[in-house]
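The values are calculated or read from the model by the stated rules, or taken from the named source; none is laboratory data. Only a predicted model underlies this, so the values are computations on that prediction, with no experimental measurement involved. Here Cβ is always computed from backbone atoms with ideal geometry, including for glycine, and neighbour counts include all displayed protein chains.
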Amino acid sequence: MWAVIKKEFKSYFLSPIGYIYIGIFLLLCSLFFYIDIFSYQSTMFSQMFGSTVVVLTFLVPVLTMRMFSEERKNGTEQLLLTSPRSVTAIVLGKFFAACFVVLISTFATLIYYGILCYFGKPHFASSIVAIIGFSLLSMAYVSFGMFASSLTENQVISAIISVGFFLLLWFLPNMVSAFSNYSLMNAFYSSFMQGTISIANLVLLLSFTLMFILFTIMVIQRRKLVK
């Protein structure tokens with residue numbers, strides 16, 4: 001699995017994808033930092049993530065759309081499926097490589113925490129909890145984006161599926177109250193943004209991530225058997 005992680009992680013920076021993701025992410029974080037925190041002279045570091053979470057809806061699909069779609073389109077999927085590595089190792093390798101890119105950009109936001117420390121005294125515990133929650137939400141998004149990429153060879157379609165699903169996650173709980181307890185957004189805003197870690201919300205985010213990793217393994221395993 002480690003070999004897959006290294007290969008995939010390196011590929012993000014041999015192409016513009018990794019730089020585009022991190023660059024746009026930090027650019028928008030800078031904008032939200034100024035709008036939500038600096039202009040109000042606030043020391044609530046977590047406020048920045050309240051706006052930044054919207055970025056994930058459109059930015060994560062750009063990172064994940066090529067995971068399996070590109071392999072299938074370029075004809076390298078056959079080599080991947082017939083390699084001695086297990087399907088689980090391949091899927092997890094691709095997942096963790098994308099997560100590393102996401103986590104690099106997320107932890108780079110500590111730069112803004114350092115700026116706040118210079119001007120005031122931001123609450124350390126709530127800031128760390130917000131980063132943890134944002135990281136878990138990002139990983140959940142990556143897991144679905146990877147699943148969408150496994151369904152089609154067209155990267156654009158993969159990205160559209162992901163964006164559409166993420167938008168559905170935003171609006172469905174507001175339209176159907178029964179889904180509010182299963183909303184990733186509610187889990188993030190009601191708990192991590194408030195500086196607290198709820199076991200129920202933690203389990204929800206981790207379960208969502210694990211579920212779509214397993215779905216991806218099932219899709220790829222089926223394609224391997226067909227091949």
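The requirement of being touching an Asp or Glu at 6+ places or on another chain (Cβ under 8 Å) and not small (Gly, Ala, Ser) is fulfilled somewhere in region 154-161, by at least one residue. Residues that are among the aromatic types (Phe, Trp, Tyr) and farther than 25 Å from LEU169 by Cα number at least 3 in the following helices (runs of 4 or more DSSP H) confined to region 1-83: 2-14. Taken together, PHE165, PHE147 contain a single residue that is under 29 Å from GLU71 (Cα atoms) and either at pLDDT 95 or above or surrounded by fewer than 16 Cβ atoms within 10 Å (Cβ to Cβ) (or both), which is PHE147. Residues of region 6-52 that are in contact with a Phe, Trp or Tyr (Cβ under 6 Å, 6 or more places away or on another chain) and of a type outside the set (Val, Ile, Thr): PHE9, GLY18, PHE33, PHE45, MET48, PHE49, SER51.
Here's the yes/no breakdown for (1) crowded, with 18+ Cβ neighbours inside 10 Å; (2) at pLDDT below 80:
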residue: TYR40; (1), (2): no, yes
residue: VAL54; (1), (2): no, no
residue: MET67; (1), (2): yes, no
residue: GLU71; (1), (2): yes, yes
residue: PHE96; (1), (2): yes, no
residue: THR106; (1), (2): yes, no
residue: THR109; (1), (2): yes, no
residue: TYR112; (1), (2): yes, no
residue: PRO122; (1), (2): yes, no
